[in-house]
2 protein chains.
Amino acid sequence: MTTHTTNDKAVVLVSGGLDSATTLAIAKSQGYACYALSFDYGQRHRVELQAARRVTDSIGIVEHKFIHLNLDSIGGSALTDSQIQVPTSGLSDQIPVTYVPARNSVFLTLALGWAEVLSAYHLFIGVNAIDYSGYPDCRPEFIAAFEQMANLATKAGVEGHHFKVHTPLIHLTKAQIIQEGLRLGVDYSLTISCYQPTPSGKACSVCDACRLRADGFQAYENSINTETKA
Amino acid sequence: MTTHTTNDKAVVLVSGGLDSATTLAIAKSQGYACYALSFDYGQRHRVELQAARRVTDSIGIVEHKFIHLNLDSIGGSALTDSQIQVPTSGLSDQIPVTYVPARNSVFLTLALGWAEVLSAYHLFIGVNAIDYSGYPDCRPEFIAAFEQMANLATKAGVEGHHFKVHTPLIHLTKAQIIQEGLRLGVDYSLTISCYQPTPSGKACSVCDACRLRADGFQAYENSINTETKA
């Protein structure tokens, strides 16, 4: 894996899924000293936390912190309320019930808090606004507004430091994300994307996350085959 | 206590201190159906959570939710790291070590998540930018940036609802806050402001929060005496 030597610290959100694993690999390839942050927030697919640990062990980081918070006490999402079914009939053009209210805002503000303690002014999040479920907190305009808020919220911001939120995947297709990850040596067998895996980590193959992942690998394979044929 | 009948729902951050008790009383007096939110975030003055419960019992709310999250695992503040001493020599013009990195951002994003689940579009927070410790996340410019972010972060925002962050104390002196609270019937003996109280809830009287509170009551008393003499 290519490494630069900026030695700047970065806090990277790592869920254990395909996108965040790629994001971590990109941050590392850009020379950042990476501090991984994962959340045990009462998600039904908590097995992803084991995947997060495998991913950071594999890619290599300075520290991996897990924060516990009971978003399931708030509910309002199929991912945090077992009474709400995870949709399995394919992507729609509506924001789906797997949307967790304010999740990325919560995760990014906690990342911001840790970043400030570390004197790390770079946050990385693997949001994607192309092959995605339509979550509002994955859009570039949200990220820009968050960044502005972060620099007003913090002592470091007042003192003239600038927090930057890096979203290296935001304009990539899922196939392009996979291509970049493979180029950087990401082992995707360590990751899990499914919203409702079995306790042992077997994916359901029919939820939106499974479909986006499978379509991404298919599109990546097609692109390789096209290149080979050309 | 005056009550209007808007019947709109509001999520109110309640710490158990003087400011948030007054804020809750104001929200209630404006006719909101109040949902109180408190945080057990590893603060050394966790006894304030009992005060929060007393305050909401006294003023009257629809529901009181407590969210646990281990901000002490992040540290970086005298309030969450027992290795860092709470300053007791009086207010300075620096942002003090009691500043908890990104605390209000974290609290407000969690309030936002709950608000979205409740279809509540009003958030109340008792920040104050006059008699305060200089925390950056108490300033009007932070609140405005947060509001903008909140409306881009959420499904409700996308669907045309507008989240508003109410800060009824932001331009009041501590004496004016007390005056308003007393007018609304707040029982301040139920509240605690101290950063390092004894386990039984006895205030230290020398931390910034104790000083601001005592100075506020003194100023309020002086203003009454002046009015009486006039």
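No value in this document is a laboratory result; all are computed from the given coordinates. Everything quoted here is computed from the prediction, not taken from an experiment. Note that each Cβ is placed from the backbone with ideal geometry, even for glycine, and that neighbours are counted across all protein chains shown.
Things to note:
- When Rg and the Kirkwood radius Rh are both evaluated on Cα atoms of the protein assembly as shown, their ratio Rg/Rh stands at 1.01.
- Report summary: the helix-based calculation at 222 nm, which adds -39500 (n - 2.57) for every DSSP H run with n ≥ 4 and divides by the residues of chain A, gives -12500 deg cm²/dmol.
- Inter-copy label distances at residue A:140, shortest first and taken from points set 7 Å along Cα to Cβ: 3.2 nm.
- For residue B:224, the label point sits 7 Å beyond Cα toward Cβ; its separations from the matching points on the remaining copies run 7.8 nm, from shortest to longest.
- Averaging 1/r over each pair of different alpha-carbon atoms in chain A and inverting the result gives 18.0 Å, the Kirkwood hydrodynamic radius.
- Most mobile listed residue (B:64, B:161, B:122) in chain B, GNM with C-alpha springs under 10 Å: B:161
- Restricting the calculation to Cα atoms, region A:78-123 yields a radius of gyration followed by a Dmax of 15.5, 45 Å.
- Placing +1 on each Lys and Arg Cβ and -1 on each Asp and Glu Cβ, with no other charges, gives region A:9-229 a dipole about its Cα centre of roughly 320 debye.
- With 30 Å as the limit, the listed pairs A:65/A:155; B:174/B:202; A:174/B:65; B:174/B:229 have A:174/B:65 beyond it between alpha carbons.
- Between region B:44-79 and region A:133-163, the alpha-carbon center distance in angstrom: 26 Å
- Averaged over peptide A:130-139, the number of partner chain Cβ atoms lying within 10 Å of each residue's Cβ comes to 3.
- Cα→Cβ-extended label distance, 7 Å offset, between residue A:40 and residue A:63, nm: 1.8 nm
- Taking amide H as placed 1.01 Å from N in the peptide plane, the amide H of residue A:40 sits under 5 Å from that of A:67, A:68, A:69, each at least 5 places away or on another chain.
- For residue A:88 and residue B:85, a Förster radius of 60 Å and the Cβ-Cβ distance give a FRET efficiency of 0.65, rounded to the nearest 0.05.
- Label 7 Å beyond Cα on the Cβ vector: residue A:85 copy-to-copy distances, nm: 6.2
- Cut-off under 5 Å, modelled amide H: who pairs with residue B:12 long-range: B:35, B:36, B:37, B:124
- Highest-fluctuation residue, A:118, A:79, A:18 considered, GNM on chain A with Cα pairs under 10 Å: A:118
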